[in-house]
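These notes concern the structure reproduced below.
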Amino acid sequence: MGQQSHLELEKNQEGQEELASSFCKSGATAEDEEVKRFYEELEEAMNTRCTYLIVMGDFNAKVGCRKDNEAFVGPFGGERNEQGEWLAAIAESRRLFVGNSFFKKRQGQQWTWISPNGEAKNEIDYILCSHRRILQDVGVVGKAFTTGSNHQLVRAKIVINAKVEKRALAVSNKRQQKTTFMSATFQKLVEEEDWSIKDDILDDYNSLVAEHSRSLWRKKTGVSRMTSQMTTTV
């Protein structure tokens, strides 16, 4: 059965920054229903508001390398299994970069788990991150650090540049500018519009085409009478 824990770190420096981290573990013999429940619980655990979200652990999943139009799986890795499809789908839907797959490693430095008989070696432990720019490297520690298990320790090098992050936050806030709806102006514009239905359907059609042409002209020239009068930027 899967195991999960959650850690939040706060840093107060020119405003508050939060780092949320989840450790996830799924048993190698988990049945499909248990695996689905594990991923559902994982999705719920990720519903936290934070600046940086990092999810890491043993997912018993082989994600492999990027497929089709995937944006959050990198070009490096091996084959993919069914649980890897689930993990890749979550990464894409939650906009989490599968860190391991963005850094090329030699084959001996790529696997994170070895079978008891030593014949099978797979990459099933991953570090996922919400911001690719802060990930400098993801890889295994190898023999330099003995865990006492058949898993190798996976580590990530994370660098947070205060100046870069401040600029990125400013751009993000600018994109999320709110608008207010001016009901009085809207009502005035509605009253000024001619909503009558003409007897001849061709007249209605010609009127619609003419209005559409005017709308295209306004867009082309950067003029939007309705938008400029109905909304104001906060």
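None of the figures in this text is laboratory data; all of them are computed from the coordinates on show. If you're wondering where the values come from, they're calculated on a predicted model, not measured in any experiment. Glycine also receives a Cβ, built like all others from the backbone with ideal geometry; neighbour counts cover every protein chain displayed.
Annotations
- Footprinting exposure proxy for Leu202, Leu189, Leu135 (fewest neighbouring C-beta atoms within 10 Å first): Leu202, Leu189, Leu135
- As a proxy for reagent exposure, Tyr205, Tyr39, Tyr52, Tyr126 were ordered by neighbouring Cβ count within 10 angstrom, fewest first; the result is Tyr205, Tyr52, Tyr39, Tyr126.
- Hypothetical label at Glu79: residues of region 107-135 whose amide nitrogen lies under 14 Å (7 Å Cα-Cβ projection): 120-123
- Nearest-0.05 FRET efficiency for Glu70 and Ser183, computed from C-beta distance (R0 35 Å): 0.20
- For Ile158, residues with placed amide H under 5 Å, excluding near neighbours: Gln136
- Under-5 Å amide H pairs with Leu128, H placed in peptide plane, nonlocal only: Val55, Met56, Gly99
- Sparse-neighbourhood loop sites, trypsin sites (Lys or Arg not before Pro) in region 95-168 - DSSP loop, at most 16 other Cβ within 10 angstrom: Arg95, Lys104, Lys105, Arg106
- Ranked list, fewest to most other Cβ atoms within 10 Å of each Cβ, for Asp203, Asp68: Asp68, Asp203
- Calculated log₁₀ intensity ratio I(q)/I(0) where the Debye formula runs over C-alpha points of region 22-142, q = 0.20, 0.23 Å⁻¹: -1.17, -1.53
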